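Following: one structure in C-alpha cells, then a few remarks.
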Amino acid sequence: MRGCWFVALLIALLVLLHQDYWNWHRRDLVADALPATLVWHMGVSLLAAAAWYLATILCWPREEEQEPDAGGEPQP
Amino acid sequence: MIPLLLVVGYLVLLLALGSASNRLFRGTARDYALASQTIGPVLLLLSLFGTTMTAFALVGSTGRAYTLGAGVYGLLASASGIVHSLCFFLIGVPLWRLGRRHGFVTQVEFFRRRLESPGLGLALFPVLVALVIPYLLVGVIGGGTVLEQVSRGAFRSWGWFPQYEFGLPSYLGSLIVCVVVLIYVFLGGMRGTAWANAFQTTVFMVLGVVTFVVIAKGVGGQPTFWASVKAATARVLAENPAHLSREKIPKAVYASFLLIPLSVGMFPHIFQHWLTARRASAFKLPIVMHPLFILVVWAPCVMIGLWATTSAAGLPPGTKENQVLALMVARYAGPWLTGLLTAGILAAIMSSLDSQFLALGTMFTHDVVLYYFGPQRFSERQKVWLARGFIVAIVGLTYLLSLFPHRAVFDMGLWCFSGFTALVPLVLAALYWPRLSRAGAWASLVAMVAVWAVLFYRSDFAANKRYAFPEPWMADAPWGWLVSWCPPLHPVVAITAASAAALVVVSLVTRPPKPEVLRQFFPGR
C-alpha cells in the first residue's frame, strides 16, 4: 500500500512537471540541436514510463497475478 | 505513380493479414468480438497504441508545431503519455477483471449490471455512438483526402478525373479505405483488427523515424545526421525564435488540455481492446511503453514542423497545417518515401477506424439485439453474422455521411473528446466508489449531455475554435462573482466538473446500491 502512495505521489509530481510555466518563454537549445521546452517534455515522457514501470512493480493488484489466463468463455 | 502503387501494395497486404487471421477464427461471438481474450502483451501494446493514435499523430502534430511551435509536444503528447497509461492502469485493468468475471463485452453491459439500470444503458448507448461517429468521419474523410493527394497525376495518361488533377477523387479514396477496413474487420473480427493494428503501428512508427532522418538531412544539409539537426534548428533560432518556446499557446488552454487525453478511459473501442487481454499482466507492457511510443512518434514530427517554418524549407505563404508534412516530404524525399509515408498515414487512420467500426457493430449486437431479444434465441453463428451485418451497415452509413459537406466534422473532434472525458467520472465512480447510486449516474449523464450541448451551441456549433468558458461577458453579469475567479478554460473543464459534481451530490442524497450488487463488484467489502 505504501508503494501505491509513492506511485501516486510520483504521478502527481509528473503532472506538476508537465505544467512547467517557468519554461514558457525559453527559446534556448539543448546541445545546439533541440528546443529546451521540447527536451523538458521529452524528459516528462521518459519519467512517465519510469513511473508507470514502478506502478507495475509496487502497485500491481495481487489478485491479478494469481488469476489464470482468460482465454475462453467467462468464469461463473 | 510509384507512391500510388506502394499504397495499393500496402492495402493488399492488409487484406492478406485479415484473411490470415480468419483462419484462426473459432466461430463464436466472443471470439469475433474479443479474440477469445487471447491477446498477449506485445499485441495489446501495439493494438492499443495504434487505436489511440490517429493521423493527427503524424500530420496534425507536424502542422500544429508549424503554427504553434515546440509547445505542441507538451500540450498534446507528454500529457497523453501520463494520462493514457493512467487510464489503462486505473480503468482498463479493473474493467478487464470484471469483464472476465461477468462476461461483459461492452461498456453498456457493465453499467447496466453495476447500476441495475437497463434505462441507463439505453440512454448511454446513443450518447456513446453519437460521440464516436464524428471521430469515425474524420478518419474516413482524412483517408480519402490522403489518397487524392498521393494519386495526383497518376491517371493522366488515361485522361481520368481531370477535375481532380488526374488523381483519385477523395470520395473514391474514402470508399477504398472503408472497403479495405471492412474486409479485414469482417473476416477477422477482433483478431484481424488487433493483427492489422499491430502491423500498422509498426509501419507508421518506423516510417515516421525514417522520414525524420531524411528531412533532417535535407533541411540541415550537413554530412552527418546530428550536424544536420543542429543546422536545421539553428535556422529556427535565427528566423522564428518564438517557435522554440510556448508563447503562442494560452496558459489556461495548456492547463485544461491535460483533461482531453482522459477521454481514452471511455472510448468504446479502447474498452473492447482492454477486454481482449489474455491476463491482467498483459497490461503492464502497454502501461509502461505507451509514453515512450508517443515520444518516438511525436518528437520527430514536432521537429519537422519547426524546421518547416524556416526559409530553407521554402513552404509557400498560407500553407495550411495539414499540408506541412506532405510538402516537406515532397521537397526532401523521393517518390518511394512519399509512397511509404502515405501508407504510414493511412496506417494511422485505419488502425483507429477498424476498432471503432468493430466496437459499434459489437455494441449494436450486444446492447440492442441480444439484450432485448435474448442471447439464447441466437446461435453463435447467427450472433457473428449479426455483428458482421451491423459492421457493414455502420461502414455504409459512415461512408454516406462522409459524402455530405463536412467542414465542421474536423472541428468536432475536440468536442467528442470532451464528451468522453466528461463520462470518465462515471466509470471511475462505478469502479471505485460503492456509494455511486443509479440516480447519481443518471444525474452525471444528464449533466454531461446538457452542459456539453449548451457550450457546443455557445461555440457556434464548434465553428468558434477559440471558445472558452467562462465567456468574457460573464464577469460583468450580476452573478459574475460566481465565475470571475476562473480564467477562460477549454470547455472540457466545465463539462467534466458538472458531470462529476452531479454524480457526487445526487449519489450522496439518494438510495445506495443493494449490498448483493456491491458484493459482485467490490468482493472485498
> About the Cα centre of chain B, what is the dipole size in debye to 20, counting +1 per Lys and Arg Cβ and -1 per Asp and Glu Cβ, all else neutral?
Replying inline: 1320 debye
>> Against the 2.2 N^0.38 Å scaling, with N counting residues, where does the range B:45-90 land? I'd like the Cα-based Rg ratio to two decimal places.
In response: 1.24
> Under a 5 Å amide H to amide H cut-off, with H placed in plane at 1.01 Å, what residues pair with B:Leu489 once short-range neighbours are removed?
Replying inline: B:Phe469
> Once amide H atoms are placed 1.01 Å from N in the peptide plane, what residues at a sequence separation of 5 or more from A:Val30, or on another chain, have their amide H within under 5 Å of its amide H?
Replying inline: A:Ala36
>> Based on alpha-carbon atoms only, what is the radius of gyration of the range B:207-310 relative to the globular estimate 2.2 N^0.38 Å?
In response: 1.44
> Simple spin-label model, 7 Å along Cα-to-Cβ: B:Glu165 to B:Glu380 in nm?
Replying inline: 5.2 nm
> Put +1 on the Cβ of each Lys and Arg and -1 on the Cβ of each Asp and Glu in chain B; which of B:Val219, B:Met303, B:Asn197 then has its Cα farthest toward the positive end of the dipole?
Replying inline: B:Asn197
>> How large is the Rg to Rh ratio of chain B when both quantities use alpha carbon positions and Rh follows Kirkwood?
In response: 0.98
> Taking N as the number of residues in the range B:1-109, what is its alpha-carbon radius of gyration divided by 2.2 N^0.38 Å?
Replying inline: 1.42
>> For B:Tyr66, B:Tyr457, which order do you get if you count the other beta carbons within 10 Å of each Cβ and list the fewest first?
In response: B:Tyr457, B:Tyr66
> Too long at a 19 Å Cα-Cα cut-off: which of B:Lys230/B:Lys251; B:Lys320/B:Lys465; B:Lys248/B:Lys465?
Replying inline: B:Lys230/B:Lys251
> Between B:Phe186, B:Phe267, B:Phe111, whose Cα lies farthest towards the positive end of the dipole of the protein assembly as shown when Lys and Arg beta carbons carry +1 and Asp and Glu beta carbons carry -1, centred on the Cα centre?
Replying inline: B:Phe111
> How high is the relative contact order of the range B:135-276, in percent, counting Cα pairs under 8 Å that sit 6 or more residues apart?
Replying inline: 12 percent
>> I need to check one value: relative contact order of the range B:2-404, counting alpha carbon pairs closer than 8 Å and at least 6 residues apart, in percent.
In response: 39 percent
> Along the Cα-to-Cβ line of B:Leu508, 7 Å from the Cα, sits a label point; which residues in the range B:433-465 have backbone N less than 14 Å from it?
Replying inline: B:435-437, B:440
> In debye to the nearest 20, how big a dipole does the protein assembly as shown give about its Cα centre with +1 on each Lys and Arg Cβ and -1 on each Asp and Glu Cβ?
Replying inline: 720 debye
> If you average over every viewing direction, what projected area does the convex hull of the Cα atoms of the range B:211-261 give, in nm²?
Replying inline: 4.9 nm²
> Rounded to the nearest 0.05, what FRET efficiency do A:Leu54 and B:Val483 have when you use their Cβ-Cβ distance and R0 = 41 Å?
Replying inline: 0.55
> What's the extension gain from B:Val42 to B:Arg156 if we count 0.36 nm per residue and subtract their Cα-Cα distance?
Replying inline: 36.6 nm
> Unpartnered cysteines of the protein assembly as shown (Cβ-Cβ under 4.7 Å counts as a partner)?
Replying inline: B:Cys87, B:Cys178, B:Cys301, B:Cys416, B:Cys486
> Rg and Dmax of the range B:350-405, using alpha carbons, in Å: what are they?
Replying inline: 12.7, 43
> Taking one equal scatterer on every alpha-carbon of the protein assembly as shown, how large is log10 of I(q)/I(0) by Debye at q = 0.06, 0.08, 0.10, 0.11 1/Å?
Replying inline: -0.31, -0.55, -0.89, -1.08
> In terms of the Cα gyration tensor, with a ≥ b ≥ c the square roots of its eigenvalues, is the range B:252-345 rounded because a/c is under 1.5, prolate because a/b exceeds b/c, or oblate?
Replying inline: prolate
>> Using Cβ counts within 10 Å as a stand-in for footprinting exposure, how do B:Ser36, B:Ser355, B:Ser311 rank, fewest first?
In response: B:Ser311, B:Ser36, B:Ser355
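No value in this document is a laboratory result; all are computed from the given coordinates. Note that the coordinates shown come from a computational prediction; the quantities given were computed from them, not determined experimentally. With ideal geometry, Cβ positions are generated from the backbone for all residues, glycine too; neighbour counts draw on all protein chains shown.
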